[in-house]
Structure formats: C-alpha cells, structure tokens
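The values are calculated or read from the model by the stated rules, or taken from the named source; none is laboratory data. From a predicted model like this one, the values you see are computed outputs, not experimental measurements. With ideal geometry, Cβ positions are generated from the backbone for all residues, glycine too; neighbour counts draw on all protein chains shown.
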Amino acid sequence: EAEVAQSPRYKITEKSQAVAFWCDPISGHATLYWYRQILGQGPELLVQFQDESVVDDSQLPKDRFSAERLKGVDSTLKIQPAELGDSAMYLCASSLAEKGRETQYFGPGTRLLVL
Amino acid sequence: AQSVTQLGSHVSVSEGALVLLRCNYSSSVPPYLFWYVQYPNQGLQLLLKYTTGATLVKGINGFEAEFKKSETSFHLTKPSAHMSDAAEYFCAVAESQGGKLIFGQGTELSVKP
C-alpha cells in the first residue's frame, strides 16, 4: 500500500537554527499539504500545493517559514530561524486531484523540538 | 468561517462498551466531514467521511458516523470498544473534498480492560 513518506521523524534543534523537513507524497498525487500540529491540538494547514504551485499559504509565517515543491513531486518545508514556539509535529498529506477521490492521506510526521 | 467543536477532550470506556465521540461543526456551505484517528507519534488515518448522499456513514474498524444537518453534528460511534481503539480522534470539516481541512481539538479515547 502506497504511503506518504516524511523525514526526519524526529528533529531537535536550538532556537535561531535552520531546520528542513522533507515529504514524498503518494505517487501520482497532485495535491500536497503541510500541516502543523501543536501538542494537544488538531492540525492546522500551513501550505497547500497543486502540482508545483501554491494554492493556499495564508497561515504560513512567511518571515521564517518557506515551502517548495519544485518539480511537483516531493516537497521541502524550511524554518529559519527556528523559535521555541515552533516545537510541534509537522504533518504532510497528499491527495489526488480527481473529483470524488480527494481524500487526504497523511504521512507519519516530523516531530520538532526547539530548545 | 468553518469550525469544529469536539465535546470532551478525553473519553474513557470499558472494553465492550459503546463508544460515542461528539463533533459539532459550523459551515456556511454544505460541508464535507471527516473523522481521523491518530496513534501515538504517528500520522492521521482516515476512519470515514461524509460528502453527499446517505447520512449514515460506515468506516473502518467498525466505526460509523451520522450526519445530522439540523443539529450540525457528526458524532462517531462504535457498538463495542476494543483495547486497540485507544487513540486520539479528530473530527474535521472542509468546504470541498480537496480543500483544506479544519480540525477539532481532538478527543483522546481510553479503553479500560
């Protein structure tokens, strides 16, 4: 069964450092999402891609966060500089862009701890 | 704006007992509704979804949910809890199937032997 892959699974960094997370969606999935899940809360969308284009980045803190999906396949989310409040689980999800088949499938997540 | 409220951050049931996890939503358009389950340190797995049509939706692992428009609810039920059901459950709403998901705060389900 195809799955969304994410790496690393865990990351510990010091504040002001740069961190990057990688996501490889299910093959053929045109839509890719990055969510942030703070401990004890539900996930919140950071950015949504359709192929290589950004569809929604309204909740992405653009002063320190950036996301790219250059070839419309895998994606990288970067934080520079990291702050203590960025400690969270970062989840990637993907879906087909076909009507009736847009269920979002989630990866295992990257848990970030900023010290 | 859409929103989701899950009543009860923690629910505890005995093995074999009925599971009921409550979800109420707010949406200005006909909603698409989802229930996801999350096991510790893992991603989210889709349990079931409502798009259109039949209001009683059956999902995996014996779970089902009923869409009640008049009550703006989408409660999740399972007739008989199993120890393996212990996890965090999230209700979510979207304006369209491909649109962003708005999640509730989650309900942690504990199952006692």
message: With the condition being more than 13 Å from the chain's Cα centre (by Cα), I'd like the strands (runs of 3 or more DSSP E) fully within region B:1-68 carrying at least 2 qualifying residues.
response: B:10-14
task: Would you be able to say whether some residue in region B:22-33 is under 30 Å from A:TYR10 (Cβ atoms) and not charged (D, E, K, R)?
output: no
Criterion (free of Cβ contacts under 8 Å to residues at least 60 places away in the same chain, within 13 Å of another protein chain (Cβ to nearest Cβ) and within 21 Å of B:PRO113 (Cβ to Cβ)) met by exactly one of B:TYR50, B:TYR39: B:TYR39
message: Here are the criteria: (1) out of contact with any Ser or Thr (no Cβ under 6 Å at 6 or more places or on another chain); (2) within 14 Å of chain A (Cβ to nearest Cβ); (3) within 28 Å of B:GLY16 (Cβ to Cβ). Tell me which single one B:GLU95 does not satisfy.
response: (3)
field: Pick from region B:1-44, criterion in contact with a helix residue (DSSP H, G or I) (Cβ under 9 Å, 6 or more places away or on another chain), within 20 Å of B:PHE67 (Cβ to Cβ) and at pLDDT 95 or above, ranking: surrounded by the fewest Cβ atoms within 10 Å (Cβ to Cβ)
entry: B:ASN24
- prompt: If only one of A:SER94, A:SER7 is in contact with a Leu (Cβ under 6 Å, 6 or more places away or on another chain), more than 21 Å from B:GLU88 (Cβ to Cβ) and either away from chain B (no Cβ under 14 Å) or among the hydroxyl-bearing types (Ser, Thr, Tyr) (or both), which one is it?
  reply: A:SER94
- request: Tally the residues that are assigned to a loop (DSSP other than H, G, I, E, B) and within 21 Å of A:GLN41 (Cα to Cα), restricting the search to region A:66-115.
  value: 8
Only one of A:LEU113, A:LEU84, A:LEU39 that is within 14 Å of another protein chain (Cβ to nearest Cβ), surrounded by fewer than 20 Cβ atoms within 10 Å (Cβ to Cβ) and modelled with pLDDT of 95 or more: A:LEU113
- request: Look through B:VAL57, B:VAL111 and report the one residue that is of a type in the set (A, V, I, L, M) and more than 14 Å from every other protein chain (Cβ to nearest Cβ).
  value: B:VAL111
- request: Being more than 18 Å from B:TYR25 (Cα to Cα) and at pLDDT below 95 is the filter here, so list the residues in region B:99-112 that pass it.
  value: none
query: What residue, among those in region A:1-36 that are aliphatic (A, V, I, L, M) and part of a strand (DSSP E or B), is surrounded by the most Cβ atoms within 10 Å (Cβ to Cβ)?
result: A:LEU32
statement: Of the residues in region A:26-36 that are at negative phi and out of contact with any Phe, Trp or Tyr (no Cβ under 8 Å at 6 or more places or on another chain), the one that is nearest to the other protein chains (Cβ to nearest Cβ) is A:ALA30
